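Below is one structure, written out as structure tokens, with a few remarks after it.
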Amino acid sequence: MTHIEKPRVHHPALEQNELGLTRRDYEGRMSTLCAGCGHDSVTAAIIETFWKLSVPPHRVAKLSGIGCSAKTPTYFVKEAHGFNAVHGRMPSLVTGGNAANRDLVYIGISGDGDSLSIGLGQLCHAIRRNVDMLYVLENNGVYGLTKGQFSASADVGSVAKTGEVNRQRPIDPVLLALSLGASFVARGFSGDKAQLVPILEAGLRHRGLALVDVISPCVTFNDHEGSTKSYRYTREHEVEAVEADFVPLRRELTAEYEAGDVREVAMHDGSVVRFRKVPAHYDPTDRDAAYAYVRGRQEAGEVPTGLLHLDPTGQDMHRALGTVETPLVDLPFEALCPGRDKLAEILAAFR
Amino acid sequence: MTTPTETRGDAAPAKATGRPRADAQAGREADGKIVHRLDQHIVEIVSDSGEGAQTCGKIFGTVSARMGNGVWTVEIIPAEIEPPARSPAGASGNRIRLGSREVTNWGDYTNLVIAFNEQVLLARHRAGALAPDATILLEDMWKRHDDPDILDQWSAAMEELGSADYRIIPVPMEKECLEVVDDARRGKNMFALGVLSAIYGRDRELLEGAIARRFAKKDDEITRRNVELLDRGMRWAEGHLDFQIEVPPTSDASAKVVMNGNQAIALGAIAAGLELASMYPITPASSVSHYLAEIFQDYGGILHQAEDEIAAAGVAIGASFSGKTAFTITSGPGMALKTEFLGLAIMTETPLVVVDVQRGGPSTGLPTRVEQSDLLAALFGQPGDAPHVVLAPATIEECFHSMVLARRIAETFRTVVIVLSDANLATGVQPFPRPEPRAEWQGSPPDQGAVPDGARPYEWDPRTGLSTRFIPGQEGGQFTATGLAHDEESHVAYDPQVNQRSSRARSRKLAVLQSTLTPPPIYGEGSGDLLVVGWGSTKGAIEEAVERARAEGLSVSSTHLTFLSPLPPGLTEMFGRFGRVMTVEINYSDEPDDPFITPENRRRGQLAWLLRAQTLVDVDCWTRVMAEPLRPGSIHEVIRDRLAVTGGVA
């Protein structure tokens, strides 16, 4: 894995965010993924998201496991802190990182092999704990780095490049997350940046685990006729079930909506998610309704996308534990719990 | 005073007194009783699981320690979680060795037992736990029981026990307890505590205080009734037994704490400023987290019960990555699962403390029993070259202090430190000097100021391999840690030169740590015929054995290793001063004269293996995996055997 540094050319006319940074400042190194890889489009959406929300790069921790997906953190927010870990174990590292320093912005990038096979347990438990993080699952139904084996998200009947047909039922991360009680569940498509960016924005601002499953086709091993994770198949079967905008705190409204069409859901920091188009009888804040809808559409052969479920009332790990607001990492030893004097007191009880 | 009826399995004449060990001073009379004044005595209380013998033993041990005795207690753990009543498999309790000096190990054989039924007593007899002349106080309700099966079991047991020269004294525990409580199963342990306390002259006020503390969360009435049972037991013993045992206190009156090794690890972790612990439940390590949970509940801290052993390691590494050095606690099977993550922490030079409370293995092995079989796995268990630190506390006091040491080393050397405790230390209770916590033990929060321009995350010092850790959130300190081979900037690098250079840096750190260590002290003379080398929880037993052998004039010494990686300096030179060197360990080794075993294929004790490789000295070994700690008497025999001394151990 070699690195190609991008030339840092700043055009004075480049748009700046609240921190005076341009989109360029949120880029990473040049991608070494295959040309046309869906992951690079996800990267572009992540760059846009972090720029738009004016996240200070040095306050970002980006973590990943192993696989093509794990390479992508290298390609965005170069000035962030990163941890490229072991296969399927990114969630536990974020859990520990977040426990020690809750003030950082955590983004975990994973793939279908990383999250739905070797790391399935870790994904489930990160959801269960509602660790405050943006969890992006780049889903292409195939193991790319090891040259094209089916992954656990491959659909029944999907054909591999070698001609092999998958007979195992897939594990669907959206249905899984909904059944586990995830507080933020979305599905995007790497080919639709306009839809993905507001989802990522809302996910980053959501307090708790925001799971964003992104169909991200593998151009080398899974973009052929017969694959159900190809660009063509996804374009033909995608149904944007829920259209939503993200309105950050302090941002002026820029779009006009007709009254009655829009439903607003406030997030913990005052930002707003504005649901513009939602199917009849579908309440995105109702987990059961979301599950029934997604399951029904998938049975009908569709790939429903959008911000499918949002529960802004859920408690993240720190709230549930009742930990102090000050990150553990910032506590001076004088204030360390239980502290020296308390320890002496505890020891006295062992006389 | 009434003379107790003696129940004996054989026809040998009854003896009139409780039997002292050979090292006792002559008995003297007090209130018509023979008082045996002894340097040490081993007492145990054993019952069905759930009858409270553990509680009784713990209170007895704690009170004895507070009265100034040297103490070492060992839990007698049933083989099954919910064993049937009155079954040898259900034997549960506590074994307390009292001494008039510091007691460093569990000793040899039990001298006095109080047993709630004959089946649990049989279990102890069959385990070879009892001295052949032990005094046994036995609940006598079973020999008059209505159930003919129980009567048959009683007779069969008496016959089996009759093969030894025990003195069995019947105790009407059930009958006495029913005077106070409706359900004697809920009261016998306190009655037994009273009997033992009268025999050993334990302070009633301290006993009452300990009982009140034990039941502090319950109704006052519970405490009152338990104290009543205690008094009843004391009165019964005063009225019916013809002997007392006096083990004088030590002369050391300094402030002490009394706890087991897992409690010491938990408190040591807190003293070290490790308020973030992650674990997955596993025997015999879990109780560390129970103690931590109790303290964290009142004082703060995060105890993370992960979804599995792997995630437990991940959470600790994630926290350390974020700047708060954390630790994870496990036992052998969990170590196996954490292997991949240990490699990641070593490769990314993320500080991490891992406590392995060893149990019998491989695989699930003996979950509640002691072994020292994880040494080589702890040292070499990670694929790839993964240098890291391994240290082993030898005493309960060292369990406490090793956590402070481990955190400092982990942070200073940016590496993984494995602390090898074991089931013997985990459950053994011993008094030790009360630690005086120091602020520097906890360490300051990491410096999060901006990183100077040009500083790199792995700026390996060419001499020492050391570099300064950057923390996420630190301006200018951004880098991506990776398990892939990487250069000074943490850029993935497959360049052969970089790989050689980075491997050297990680390895060099151990040599640098070793340069700060001193050779381990020698117990005994600095040269001689035999040097016994140990590590971990066997220290007390080895030194006691060496002391006994030296008292016989044998030229034997011992040394004990705290650091296993890196090994301390000076071992080759030290070994050269002795005619023979051998390790004593609780792991498996082939006997040299067994079939097929040759010097070339003999699998030796794990420390012996390591020492031979590192010193080129022909280090011998004696090891046992008998699911229990080593007895000083057994080691003493081995020393005599190796020095070709004929005749039995005195």
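The values are calculated or read from the model by the stated rules, or taken from the named source; none is laboratory data. The structure presented is a predicted model; accordingly, all values stated were derived computationally and were not measured. All Cβ positions, glycine included, derive from the backbone under ideal geometry; neighbour counts span all protein chains shown. Areas reflect the complete protein model, heavy atoms only, side chains present, ligands, DNA and RNA absent. Shrake-Rupley method; radii C 1.70, N 1.55, O 1.52, S 1.80 Å.
If DNA, RNA and ligands are ignored and the probe is 1.4 Å, what is the ranking of A:Thr313, A:Thr228 by accessible area, most exposed first?
I get A:Thr313, A:Thr228, largest accessible area first.
Distance between the pseudo-spin-label points of A:Asp40 and B:His290 (7 Å out from Cα toward the beta carbon): 5.8 nm.
Shown are B:Asp461, B:Asp152, whose ranking by accessible area with a 1.4 Å probe and every protein chain present, most to least, is B:Asp152, B:Asp461. Sparsely packed loop sites in segment A:282-347 (the GluC sites (Glu not before Pro) outside DSSP H, G, I, E and B with at most 12 other Cβ atoms within 10 Å) comprise A:Glu325, A:Glu334. Loop-located trypsin sites (Lys or Arg not before Pro) in segment B:165-263 (DSSP state not H, G, I, E or B) with no more than 13 neighbouring Cβ atoms inside 10 Å: B:Lys217, B:Lys218. Each DSSP beta bridge with both residues in segment B:26-251 is either parallel or antiparallel, and the antiparallel ones are about 50%. The relative contact order of chain B, computed from alpha carbon pairs under 8 Å that lie at least 6 residues apart in sequence, is 11 percent.
Result for chain A in a Gaussian network model with C-alpha springs under 10 Å: among A:Asp330, A:Asp132, A:Asp288, the largest mean-square fluctuation is at A:Asp330.
Close amide H contacts of B:Arg37 (hydrogens built in the peptide plane, cut-off under 5 Å, sequence separation of 5 or more or a different chain): B:Gln25, B:Arg28, B:Glu246. Summarising the strand pairing of segment B:257-442, around 20 percent of its internal DSSP beta bridges are antiparallel. Counting, for every residue in A:74-80, the Cβ atoms of other protein chains within 10 Å of its Cβ and taking the mean gives 2.
Using C-alpha pairs under 8 Å with a sequence gap of at least 6, the mean separation divided by the residue count of chain A gives a relative contact order of 15 percent. The apolar share of the surface of chain A, taken as the fraction of accessible area on carbon and sulfur atoms (1.4 Å probe, ligands and nucleic acids excluded), comes to 50 percent. Specify whether the C-alpha gyration tensor of chain A places it in the rounded, prolate or oblate class, a ≥ b ≥ c being the square roots of the eigenvalues: rounded for a/c under 1.5, otherwise prolate if a/b is larger than b/c and oblate if not. Judged from the Cα gyration tensor, chain A comes out rounded (a/c under 1.5).
Among A:Leu321, A:Leu178, A:Leu33, the largest mean-square fluctuation in a Gaussian network model of chain A (Cα springs under 10 Å) belongs to A:Leu321. GNM, chain A, Cα, under 10 Å: largest mean-square fluctuation among A:Val86, A:Val242, A:Val94? Fluctuation is largest for A:Val86. Helix B:396-412 and the longest principal axis of the C-alpha atoms of chain B enclose an angle of approximately 10°. For A:Ser179, put the label point 7 Å out on the Cα→Cβ axis and report which residues of segment A:129-158 keep their amide N under 17 Å from it. Answer for this model: A:152-156.
Projecting the Cα atoms of B:His240, B:Tyr109, B:Met141 onto the charge dipole of segment B:26-251 (Cβ charges, centred on the Cα centre) puts B:Tyr109 farthest toward the positive pole. Using the Cβ-Cβ distance between B:Gln514 and B:Val180 with R0 set to 60 Å, the FRET efficiency works out to roughly 0.45. Site pair A:Asn17 and B:Glu160 shows an inter-label distance of 7.5 nm when each label is modelled 7 Å from Cα along Cα→Cβ. Carbon and sulfur: what percent of segment B:450-516's accessible surface (1.4 Å probe)? About 46 percent, which is the carbon plus sulfur part of the accessible surface.
Counting only other chain Cβ atoms within 10 Å of each residue's Cβ, the peptide B:296-309 averages 5. To check you understand DSSP bridge types, tell me what percent of the beta bridges within the protein assembly as shown (both residues inside) are antiparallel, rounded to 5. Once the DSSP bridges in the protein assembly as shown are tallied, antiparallel ones form about 35 percent. Return one number: the angle in degrees, 0 to 90 and rounded to the nearest 10, between the long axis of the Cα atoms of helix B:220-240 and the longest principal axis of the Cα atoms of chain B. Rounded to the nearest ten degrees, it is 50. The HN-Hα couplings worked out from phi for segment B:252-265 by the Karplus form 6.51 cos²θ - 1.76 cosθ + 1.60 (θ = phi - 60°) are 7, 9, 5, 5, 10, 10, 10, 7, 9, x, 5, 5, 5, 5 Hz, whole numbers, x standing for Gly and Pro. Peptides A:120-130, B:109-119, ordered by how many other C-beta atoms sit within 10 Å of their residues on average, highest first, read B:109-119, A:120-130.
Chain A contacts chain B over a buried accessible area of about 5100 Å², both sides summed; the probe is 1.4 Å and only protein chains count.
Taking amide H as placed 1.01 Å from N in the peptide plane, the amide H of B:Cys621 sits under 5 Å from that of B:Thr583, each at least 5 places away or on another chain. Checking every one of the chymotrypsin sites (Phe, Trp or Tyr not before Pro) in segment A:191-241 against DSSP loop status and a limit of 15 other Cβ atoms within 10 Å picks out no site at all. Does segment B:26-251 classify as rounded, prolate or oblate by the C-alpha gyration tensor (a ≥ b ≥ c root eigenvalues; a/c under 1.5 gives rounded; else a/b over b/c gives prolate, otherwise oblate)? Because its axes are fairly even, with a/c under 1.5, segment B:26-251 counts as rounded.
Averaged over peptide B:265-271, how many Cβ atoms belonging to another chain are found within 10 Å of each residue's Cβ?
Taking all residues of B:265-271 together, the mean is 3.
With a 1.4 Å probe and every protein chain left in place, work out the accessible area per residue of the protein assembly as shown in Å², rounded to a whole number.
39 Å²
Summary of the geometry: segment A:32-77 and segment B:190-259, compared by the centres of their Cα atoms, lie 66 Å apart.
A crude spin-label estimate for the pair B:Asp529 and B:Arg603, with each label 7 Å from Cα along the Cβ direction, gives 3.2 nm. Remark on B:Ser565: its backbone amide H falls under 5 Å from those of B:Val390, a criterion applied only to residues 5 or more positions apart or on other chains, H modelled at 1.01 Å from N. Shown in residue order for segment A:80-87 are the 3J(HN,Hα) couplings computed by the Karplus curve 6.51 cos²θ - 1.76 cosθ + 1.60 at θ = phi - 60°: 9, 8, x, 9, 9, 9, 9, 5 Hz (x for Gly and Pro). Paramagnetic label reach from B:Val498 (point 7 Å along Cα→Cβ; backbone nitrogen cut-off under 16 Å): within segment B:440-482, residues B:456-460, B:479-482. Per-residue Karplus couplings for segment A:198-204, computed as 6.51 cos²θ - 1.76 cosθ + 1.60 with θ equal to phi - 60°, are listed in order as x, 4, 5, 4, 5, x, 5 Hz, Gly and Pro entered as x.
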